[in-house]
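Please read the structure below before turning to the comments.
The values are calculated or read from the model by the stated rules, or taken from the named source; none is laboratory data. Quantities reported herein were computed from a predicted structural model and do not represent experimental measurements. Surface accessibility is based on the protein's heavy atoms, side chains included, excluding ligands, DNA and RNA. Shrake-Rupley method; radii C 1.70, N 1.55, O 1.52, S 1.80 Å.
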Amino acid sequence: MAVPDPSVAVADPDVVDAIAFAVRAHGRQLRKDRRTPYIVHPVAVLRHLAGDLGVTAPSLLEAAVLHDVLEDTPTVRAALAQRFGEPVAALVEELTLPPERHGPMVPDAVKTQALVEAVGRISWPAVLIKLCDRWDNLRDLGNAPWSDVKRASYLEQTSEILGALGRRRAVAPPPDDLLRPIDSAERAVRRLGSGA
């Protein structure tokens with residue numbers, strides 16, 4: 001049986017449309033280093049899914065590149081549902097924290113609790129995207145203008161999220177079709193989160 005080529009999935013017209021939508025939505029936003037265009041991050045999450053993990057499902061790839069548009073831009077859910085369909089909009093919504101639990105003024109403990117709770121309730125496809133999101137953020141952690149205390153807090157938050165994921169997996173493991181990519185993404189997050 002031939003292995004699907006992830007580059008074909010990324011070239012899917014709907015995935016290309018999602019990339020273009022995310023570019024426009026994120027506009028001139030920058031990453032925490034205040035130099036890198038923000039869109040580099042959602043595209044890196046897409047790259048982890050398609051390139052590193054071999055995921056080819058267009059709806060997952062679309063949601064990956066759109067994962068921050070509801071949380072970080074004025075985009076509304078209805079616009080995503082109309083343009084990309086209900087399944088993609090629902091995935092992006094699952095990955096979106098409410099404003100009172102996300103943002104630079106929200107204490108780390110509040111955001112950590114929200115993320116731990118989310119890992120326990122969101123769908124397995126959303127968990128996979130969340131792991132790829134965390135993977136890219138950890139990869140980029142050295143570029144963030146954060147204090148050592150803030151970096152340590154982010155690594156502790158990662159540890160708590162992985163603990164919640166482990167508890168969930170013990171009760172209800174991921175479906176077979178997502179098991180390998182979730183295992184691989186989790187290993188990458190654990191490796192980066194431990195500084196190895």
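If you wrap the chain's Cα atoms in a convex hull and average its projection over all directions, what's the area in nm²?
One quarter of the hull surface, i.e. the mean projection, equals 11.1 nm².
Please list, ordered by chain and number, the residues whose modelled amide H lies under 5 Å from the amide H of Leu30; skip anything fewer than 5 residues away on the same chain.
Answer set, sorted by chain and number: Tyr38.
Normalising by the residue count of the range 1-160, find the relative contact order in percent from Cα pairs under 8 Å and 6+ residues apart. Write out the running numbers ahead of the final one.
Values: 165 pairs, mean separation 36.7, N = 160.
After rounding, I find 23 percent.
Quick check: at a probe of 1.4 Å, how many percent of the accessible area of the chain sits on carbon and sulfur atoms? Don't skip to the answer; put the middle values down first.
Numbers: 5770 of 9950 Å².
The nonpolar share, carbon plus sulfur, comes to 58 percent.
Accessible area per residue of the chain at 1.4 Å probe, in Å²?
51 Å²
Quote the convex hull volume per residue of the range 61-125, based on C-alpha atoms, as a whole number of Å³.
Spelled out: Cα convex hull of the range 61-125, divided by residues, is 84 Å³.
Compute the separation of the alpha-carbon centres of the range 47-85 and the range 10-45 and state it in Å as a whole number.
If you average the Cα positions of each part, the centres end up 10 Å apart.
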